[in-house]
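Student: Sending over a structure as structure tokens; questions will come in a sec.
The values are calculated or read from the model by the stated rules, or taken from the named source; none is laboratory data. What you are looking at is a predicted structure, and each value in this text was computed from that prediction instead of being measured. So basically every Cβ, Gly included, is an ideal-geometry build from the backbone, and we count neighbours across all protein chains shown. Calculation scope for accessible area: heavy atoms of the full protein, side chains included, ligands and nucleic acids excluded. Shrake-Rupley method; radii C 1.70, N 1.55, O 1.52, S 1.80 Å.
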Amino acid sequence: MKEEEKLWKNELDALLGKLVDDGLTVADKTRLNEILQAEPGAREFYHEYLDLHGALEERLCVPNFSPLNAVIDPDTKEESKPVSIPFGNWGWAVAAVVVIGLFIQFSGQQPEAKPELPIAQITKLSGPLLWTGNGGQVNRNLQAGSQLFGGTIEGMAPDAWFELRFNDGSQVVISGNSMLTISDLGQKELRLREGSFSANVVPQPEGKPMLVSTRTALFEVMGTRFSVDAELFSSTLTVNEGKVQATRLSDGSTAEVSAKHRVVAALDCELVPEKMPESVTLWQSHLENGRKRNHGEWMPANGSEPAHLKTVPYTLPAKDDRKQRTIHTLSMPVSSGDHPPVILQPETKIRVRGKIASSHRIWFGMTLSRENGDFAGRFQTILPSEEFQSGGLQAGAGQPAGKPRPEVEKPDKPDPVEEYRRVEKWLEGHKAEAAKAERDLDVKIAELRKNGPSPGERGFDEVEKQTEILIDKHNAFLTAHAGEAKNLEGRLAEAKNDLVEKHRNLEKVLAGNKAWSAKAKRDLEVKIAEANKNPDKREVEIHVKDLVARHDAAMAGHAGETKHLEDRLEELKKIPEVAELKEPFEVVLNLSDYHLDPALAQWADSLPKTPYGLIVKGVWCHTLWDPVGLQVSEIALTTPTDK
């Protein structure tokens, strides 16, 4: 460490210790601001310091806003002061020990008492949410109507939404990836760790405004409608109605923000309210500018590869999905921070550019709000996997179906790509033939047994004999059919001139196998449901047993084939060129393609029916269950009149 860096770090460490100890003088505030303005590294150190201090308070489940008193009112003094945590050479290790030690002592000796009455109630919610109550209790099974005693709500994915109402009628809403702590022990206190929230606050008691804290600011609310966006180095307050007092924590600067105005609390700009900018209809992401508040794995530009976001996984809790499968999602904020509100018009088009490793359905969505900041729903559209075939894509460029199966015997060294496309079409025809043969068999057996003799009656044995003949013919057909498929798959394995294309081929076959398995299971359920309509229970029992036996036999062979394909794919992924393989795509979507997320159906009466005229808070994309390597380099909102 350079000597001059060591000097300002030591001085900054001492000043921050005074800040959290409520001992910062006017001269100290001036010096702290000078260091933060002059040294970029000091600003990062400042945020890390306050983050750990805030984490300590939250870990102990005791929201503590007393360190802010020196900024709000220099004459305010507390009877007891919190312990300062030094951040010198051993500071981080010491801090960790202090956190663990204090938590053990606190949780083991002084269990926190809850207020006698709840402070708020959940009114609406949707999507993956996690609530941590006072005392550290974690609850994923939130429901509308649940009573809250204070704690932290966290939106775990872009489609999260949570609305609560305090006992006095004040409402608070978070949406997307956000984390908000609430407390009300005679005075409402909120801490926004990340993300955004909006609120409609009724007039508060004299001298007890609602306090909203972020990393960089404190906002005092007596009664108003407003929203807050929190980023790593800045906080943006937007006031729709009433007035809010804003304080920048780094130097104690204050400003009163009136209706239709907003202010940004950051080190690199003055704390001066400005009139809310006029809305726009054009927006474009700029991932080259860094991570910002984007949700996903951000990757910088590398050669010809532009900066982009990769999806990150979120595993659904058991209450939402019994199998606890995983959503792979990414999102970008739009009308947040100092960006003007982006309004949707009927002519708005949404352009998305990115890459995907294998064809898969993709959900494209938007989180919207009304002009006053109220949540206005999530609207989405789904593109099927056929829209993302290998070789690049523009939306709507699906491949024609129903073509004759290509000749596959003794090809004269075909191009690997063309060979794969022929194989893909053949496999589609192969599946259709097998499915049709299965249906035909069921129809023929049903015709034989229709109005036929019951077991033990004359002629019953003859019907069963004819049934066995049909099944034998069917099995012989499937055997030959499977042999043809196996022969073609062997031909695929021999296409070694292009290992990358081979990987693409195998992925598509594997996806087809999984789809076939899923369809076979659904078909079995449908057949069993149809069979149960027969009033003859004995006949139903025999028919269902036969259906299940044939299904299990087919699945046993199918599982072996799927395992074989997965093993081959894993081998190919060891090759770097294959592991990084992704197909580019570009889709242009019309706003009319978007519809209200079905997950919000129970709240549909209180939400807009269409997205027209609403403000875009964020845009997102995700795939379900399978990690298909989705990444997005650009999302843009345009209208035909945009220049």
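Student: For the stretch 110-145, give me each residue that is open to solvent by 40 Å² or more (accessible area, probe 1.4 Å), at pLDDT 85 or above and farther than 26 Å from Y314 by Cα.
Tutor: The answer is Q121, and nothing else.
Student: Next question. Residue under question is E447, and the condition is that it be open to solvent by 30 Å² or more (accessible area, probe 1.4 Å), part of a helix (DSSP H, G or I) and modelled with pLDDT of 70 or more; does it hold?
Tutor: Values: open to solvent by 30 Å² or more (accessible area, probe 1.4 Å): yes; part of a helix (DSSP H, G or I): yes; modelled with pLDDT of 70 or more: yes.
Taking the combined requirement at face value, the residue satisfies it.
Student: Now, a different point. Keeping to the stretch 320-338, report how many residues are on the phi < 0 side of the Ramachandran plot, free of Cβ contacts under 8 Å to residues at least 24 places away in the same chain and open to solvent by 20 Å² or more (accessible area, probe 1.4 Å).
Tutor: Restricting attention to the stretch 320-338, the residues satisfying the condition of being on the phi < 0 side of the Ramachandran plot are 320-323, 325-336, 338.
Still in the running and free of Cβ contacts under 8 Å to residues at least 24 places away in the same chain: 321-323.
With open to solvent by 20 Å² or more (accessible area, probe 1.4 Å) added as a condition, the list becomes 322-323.
Number of matching residues: 2.
Student: A further question follows. Just wondering, is there one or more residues in the stretch 164-179 that are touching a Gly at 6+ places or on another chain (Cβ under 6 Å), at pLDDT below 90 and closer than 30 Å to L330 by Cβ?
Tutor: yes
Student: Taking the stated definitions as given, is A157 touching a His at 6+ places or on another chain (Cβ under 9 Å) and of a type in the set (A, V, I, L, M)? Lay out the reasoning, then the answer.
Tutor: Numbers: touching a His at 6+ places or on another chain (Cβ under 9 Å): yes; of a type in the set (A, V, I, L, M): yes.
Yes.
Student: In the list P313, P277, P317, P306, which residue meets the criterion of being more than 24 Å from H622 (Cα to Cα), out of contact with any Gly (no Cβ under 9 Å at 6 or more places or on another chain), surrounded by fewer than 18 Cβ atoms within 10 Å (Cβ to Cβ) and touching a residue at least 60 places away in the same chain (Cβ under 8 Å)? Step through it out loud before you land on a result.
Tutor: Values: P313 fails: more than 24 Å from H622 (Cα to Cα); P317 fails: more than 24 Å from H622 (Cα to Cα); P306 fails: more than 24 Å from H622 (Cα to Cα).
The conditions single out P277.
Student: Between a residue in the stretch 182-199 that is of a type in the set (V, I, T) and any residue that is open to solvent by less than 10 Å² (accessible area, probe 1.4 Å) and assigned to a strand (DSSP E or B), which pairs come within a Cβ distance under 9 Å, given they are 6 or more apart or on different chains?
Tutor: I182/A120; I182/L148; I182/G151; I182/I153; I182/L164; I182/F166; I182/V172; I182/L190
Student: Which numbered condition trips up S258, out of (1) more than 19 Å from V173 (Cα to Cα); (2) open to solvent by less than 20 Å² (accessible area, probe 1.4 Å)?
Tutor: With respect to (1) more than 19 Å from V173 (Cα to Cα); (2) open to solvent by less than 20 Å² (accessible area, probe 1.4 Å), S258 is out only on (2).
Student: Shifting gears a bit: Determine if the stretch 250-259 includes at least one residue that is over 30 Å from P640 (Cβ atoms) and touching a Ser or Thr at 6+ places or on another chain (Cβ under 6 Å). So that I can check it myself, show each step before the final result.
Tutor: At the first step, the residues of the stretch 250-259 found to be over 30 Å from P640 (Cβ atoms) are 250-259.
Those still in the list that are touching a Ser or Thr at 6+ places or on another chain (Cβ under 6 Å) too: 254.
Yes - at least one qualifying residue is present in the stretch 250-259.
Student: Next question, about the same structure. Consider D605 carefully, then state whether it is in a helix (DSSP H, G or I), of a type in the set (D, E, K, R) and at pLDDT 90 or above. Show your work before the answer.
Tutor: On the way: in a helix (DSSP H, G or I): yes; of a type in the set (D, E, K, R): yes; at pLDDT 90 or above: yes.
The answer is yes for D605.
Student: Select from the stretch 1-42 the residues that are at pLDDT below 70 and in a helix (DSSP H, G or I) and write down the one among them that is surrounded by the fewest Cβ atoms within 10 Å (Cβ to Cβ).
Tutor: Just the residues of the stretch 1-42 that are at pLDDT below 70, to begin with: 1-6, 20-24, 26.
Subset that is in a helix (DSSP H, G or I): 3-6, 20, 26.
Details: E3: 6, E4: 9, E5: 12, K6: 12, V20: 24, V26: 10.
The extreme case among them is E3.
Student: Go through the stretch 216-251 and count every residue that is in contact with a Pro (Cβ under 8 Å, 6 or more places away or on another chain) and either of a type in the set (K, R) or surrounded by fewer than 20 Cβ atoms within 10 Å (Cβ to Cβ) (or both).
Tutor: So the answer is 4.
Student: Quick check: anything in the stretch 146-156 hydrophobic (A, V, I, L, M, F, W, C), open to solvent by less than 10 Å² (accessible area, probe 1.4 Å), more than 24 Å from V264 (Cβ to Cβ) and modelled with pLDDT under 95?
Tutor: yes
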